[in-house]
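In what follows, a single structure is set out as structure tokens and then discussed.
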Amino acid sequence: MTKKTKKIEGLNFVSIGGCSEVGMNLYAYIYNDQWILVDMGMGFDGNLGKELIVPSPAELVKNKSKIKALFITHSHEDHIGAIPYLWPMLECPIYARPFAIEMIKDKLSQFDLDKKVPLIKVSTKKKIELGDFSVEYISVAHSTPESSALAITTPAGVVIHSGDWRIDEDPVFGPKTDEETFKQYGDNGVLALACDSTNSFRTETYGTEKEVRNNLIKLVKEHKKNRILITCFASNLARLESCYWAAKESGRQLVVVGRSLKKIERIAKNSGYFTEIPAFLDEKKASSLPASKALIVCTGSQGEVRSALSKIASGTHKEIELQKDDVMIFSSKVIPGNEKAVSSIQNMLIDKGVKIITDFDYEIHASGHPSKKELIHLYELTRPKMLIPIHGEKLHLYKQAEIAKEYGIKNVVVPNEGDIIGISDKKSGIVGSVETGILAVDGYRLIPSDGVVYKQRTLLSENGVVSVCVKLSKEYAKLVDISSFGVFEDSENVEMTDLRNDIASEIKLSINVNSDKERIKLLIEKLIKTMCVDARGKKPIVLVHII
């Protein structure tokens, strides 16, 4: 039976994920032991096969019967990517706007869950009533359609959960951030604002998405004879549409490369977007187009190992082979933690004679997150009594905390994952904690990212493995077979033979066959590790089989 936690009184906020690194956004709001969840996102980790990570739902599973619903702010992977993995453990209704619903359905269909999950479409200006919670979606500008903040009303007061947002006075997709509704809530009183911290170090506001579109069009026109490739976030429909217009106005055809881009095109058209844009060409058409007539958009702006850009840069893509004087445009920002992966791909491109253009060279990226100036503007609109910085690494959260205190918000609480933050007129702050953690997607299962499996894989990657088979008789111990993985190069046959002979001699001379079998195993393991350290300077994992 699942152990239940004690009843949590009053209005509280808990970060299950999203307050220690960029990604894995999953938050809980609790009022008198009734729970609602906000977002259920995935993170990315390139270490030892931990490509996909999700927040541990252990505490949520304990309180499963108390969870009223999951509310989704928008359709990015770091806000919806964990749903197929975690929802089956919780089985609560999911509320989201139409475009996010379509994105979630597509993900669920890959797990045969699309018919099982209750997905409820919502709109702005209409409150959802669930027990003591009333939730209103507020439109915000971001880099994917129908992004929203949430106004969460309880008997204790109102909390604004910002989601991912920015102020864009001239968006090319969807409405502007609904400043009037934020102001109305501010006029009526806001207890707390839980706010996006991603761009808190940036003092000035990014340019608008329309400015990015104009700059991309101009940039493509400047390179009339070159084949041009662009990489951007696949979910940024506005940027993808801008790439189309850059191609159209320069007499080129748009080719999309990468499954996620094709998926986004399909979902966008099913959701009523891209209605005036013809179907994009697929990668098989790219090689038949003259260089001056092709504009290729590919996935992989963050250096993802299996992305289209990674394959193109390494020369392993089946359809697209780089040519000298190709131009590669990175119309994206590097997410913290991905710097090394992105620079690695850029170095491969340079080695092949490709010209690289980034947002350091031209204004070809507009972030979907608020700068310091925009954060202060939201403070002015909502006038919260308390600020909870969310969404970012610790340095981003503490930077926003600094900005808020300078602005004059006296009560600022920076959450650690699992902190229970009490929210009230009289007293606010950390009042307890719950269990949190990180799980890695390992094939078809979720396993602890700091568990035995990954610790063993770390040892394997650092030291290799030696496997031995030893025969015991009444008179002697004899080495029957030895093999290794990750210890010797193919050319080191002599060294391998020498070590094998030394190990065989030591086993024969040192092992007392009358000892306990488990003791013999430990002695052989220790002996081989010592000899490998002497011979190679490494201490491999040793597997001993006794016959």
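Things to note:
- For segment 424-431, Karplus couplings with θ = phi - 60° (6.51, -1.76, 1.60), whole Hz, Gly/Pro x: 7, 5, 8, 8, 10, x, 6, 10
- Residues whose amide H lies under 5 Å from that of Ala69, counting only those 5 or more places away or on a different chain, are Leu37; hydrogens are built 1.01 Å from N in the peptide plane.
- Taking GluC sites (Glu not before Pro) across segment 412-505, the ones in a DSSP loop with at most 11 further Cβ atoms lying within 10 angstrom of their Cβ are Glu475, Glu489.
- Karplus-derived HN-Hα couplings along segment 480-493 (A = 6.51, B = -1.76, C = 1.60, θ = phi - 60°), whole Hz, x at Gly and Pro: 8, 8, 9, 9, 9, 9, x, 10, 10, 6, 4, 7, 9, 5
- Semi-axes of the equivalent ellipsoid for segment 1-140, Cα gyration tensor, largest first, Å: 22, 20, 15
- Convex hull volume of segment 464-546 per residue (C-alpha atoms, cubic angstrom): 76 Å³
- Cα centroid separation, segment 42-90 to segment 370-449: 18 Å.
- MRE, 222 nm, helices only [DSSP H, n ≥ 4, -39500 (n - 2.57), over the chain, to nearest 500]: -9500 deg cm²/dmol
- Helix 517-536 and the longest principal axis of the Cα set of the chain meet at an angle near 80°.
- Convex hull of alpha carbon positions in segment 151-253: directionally averaged projected area 8.6 nm².
- Under the convention that each Lys and Arg Cβ holds +1 and each Asp and Glu Cβ holds -1, the size of the dipole of the chain around its Cα centre is about 860 debye.
- Residues of segment 446-472 falling in the label zone of Lys538, defined by backbone nitrogen less than 11 Å from a point 7 Å along Cα to beta-carbon, are 460-466.
- In segment 373-528, the inverse of the mean reciprocal separation of distinct Cα atoms equals 21.8 Å; this is its Kirkwood hydrodynamic radius.
- Between Ile53 and Gly43, Phe44, Asp45, Val441, the built amide H atoms are under 5 Å apart, and every one of these is 5 or more places off in sequence or on another chain.
- Largest to smallest principal axis extent of the C-alpha atoms in segment 99-216, angstrom: 44, 42, 25
- Expressed in units of 2.2 N^0.38 Å, where N is the residue count, the Cα radius of gyration of the chain is 1.16.
- Cα convex hull of segment 240-362 - mean projected area over all directions, nm²: 7.8 nm²
- Average 1/r across all pairs of distinct alpha carbons in segment 52-99, invert it, and you get the Kirkwood radius: 11.5 Å.
- From phi via Karplus (6.51, -1.76, 1.60), per-residue ³J(HN,Hα) for segment 157-164 in Hz, x at Gly/Pro: x, 10, 10, 9, 9, 6, x, 8
- Residues with amide H under 5 Å from that of Asn25, placed H, sequence gap 5 or more: Gly41, Met42
Just so you know, all these numbers are worked out from the coordinates, no wet-lab data involved. No experiment lies behind these values; they were computed from the predicted model shown. Please note: Cβ atoms are built from the backbone with ideal geometry, for glycine as well, and neighbour counts cover all protein chains shown.
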